[in-house]
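Here is the structure we will look at, set down as structure tokens.
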Amino acid sequence: MSLIDLTAVSFAYGRGRPVLDGIDLRIEAGHNLGIVGESGSGKTTILRLLLGLVRPSSGDISFRGAPIDPGDRSFMRVFRRAVQAVFQDPYSSLDPRQKIVDIVAEPLRSLKIATDVDAAVAEALSAVDLPREAAGRYPHEFSGGQRQRIAIARAIVSQPELVLADEVVSALDLTTRIRIVELLNVLSANTTLVLVSHDIGFVALLCQDLVILEKGHIVEQGPARDILSAPKHPYTQRLLESTPRLPDFA
Ligand SMILES: Nc1ncnc2c1ncn2[C@@H]1O[C@H](COP(=O)(O)OP(=O)(O)OP(=O)(O)O)[C@@H](O)[C@H]1O
Ligand SMILES: [Mg+2]
């Protein structure tokens, strides 16, 4: 059974025009999915829908075959524990007034997960290659790449099935990007990833499946290998032409 299904999903902010229209996609456990499109194509909005932060204007979203129902508290607890996210900007996504231990432990608290918090935080920090002492420090003491590691530690501390990552490497320099890709690759042994990016080369490094989004419509979807070797839609062809580096799929 798939983890999350979107069927004929459309979404508009307020009374505006739809920013997503007729989206059909399926997230299977163990298959990382990349969502690629230009700025404004609706990538972050899809992640908001997948997190249950906003509701579709029409269409259905289900988790493990059951419709997502914000009114069902026990269902939402299971869902929120299973699906975590890492956001776009490592400078604004961490509360500057909180120590790292409290930032990373936040999902355990909000989801009321009974566990040894210090041990769980230490394990999550070690999984992202940060020292144990990081727990007692504040976000401003860390670089952009380290902050992104902290945000990833927070996303994995509750041992979710699915981690959604929104442009996690765009703000980082090339060397730091490569290290984050390596880290995500290790994490994807235990967790399914949905990576959102305008950079098809980045998502192709980690994702088996791709969705290409143009102005709120899916123009192409399927195995990353097929799309990279023979892009069908002119928009995908343009995205590939504007990508300087691509992994070797030979
Ligand atoms: N809170 C909001 N209220 C109204 N419109 C919004 C809101 N957030 C996004 N939009 C609009 O929805 C469309 C899709 O935005 P979204 O943020 O999903 O795009 P994106 O693909 O993530 O872009 P980027 O690559 O720049 O992050 C855009 O036209 C945007 O202006
Ligand atoms: Mg975005």
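The values are calculated or read from the model by the stated rules, or taken from the named source; none is laboratory data. These figures come from a predicted structure and were not determined experimentally. For neighbour counting, all protein chains shown are included, and Cβ atoms are generated from backbone atoms with ideal geometry for every residue, glycine included. Note: accessible area is taken over every heavy atom of the protein model, side chains too, but ligands, DNA and RNA are not part of it. Shrake-Rupley method; radii C 1.70, N 1.55, O 1.52, S 1.80 Å.
Listing for the model above:
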{"quantity": "Listed peptides 16-24, 67-75 by packing density, highest first (mean Cβ within 10 Å)", "calculated": "16-24, 67-75"}
{"quantity": "Phi to ³J(HN,Hα) by Karplus 6.51 cos²θ - 1.76 cosθ + 1.60 over the stretch 47-60, Hz, x for Gly, Pro", "calculated": "5, 4, 5, 5, 7, x, 6, 10, 9, x, 6, 8, x, 10"}
{"quantity": "Accessible-area order (highest first, 1.4 angstrom probe) of the listed residues E214, E123, E167", "calculated": "E123, E214, E167"}
{"quantity": "E106 accessible area, assembled protein chains, probe 1.4 Å, Å²", "calculated": "80"}
{"quantity": "Separation in nanometres of the label points that stand 7 Å from Cα toward Cβ, at L111 and M76", "calculated": "1.6"}
{"quantity": "Farthest positive-ward along the chain dipole, Cα basis, beta-carbon charges - from N32, L47, A114", "calculated": "A114"}
{"quantity": "The stretch 2-241, dipole about Cα centre (Lys/Arg Cβ +1, Asp/Glu Cβ -1), debye to the nearest 20", "calculated": "520"}
{"quantity": "Extension gain from S143 to S2, taking 0.36 nm per residue of separation minus the Cα-Cα distance", "calculated": "47.1 nm"}
{"quantity": "Residue-normalised accessible area of the stretch 2-241, expressed per residue, 1.4 Å probe, Å²", "calculated": "47"}
{"quantity": "Calculated FRET value between Q237 and D129, using beta carbons and R₀ = 41 Å, to 0.05", "calculated": "0.65"}
{"quantity": "H31 accessible area, 1.4 Å probe, all protein chains in place, Å² to nearest 10", "calculated": "80"}
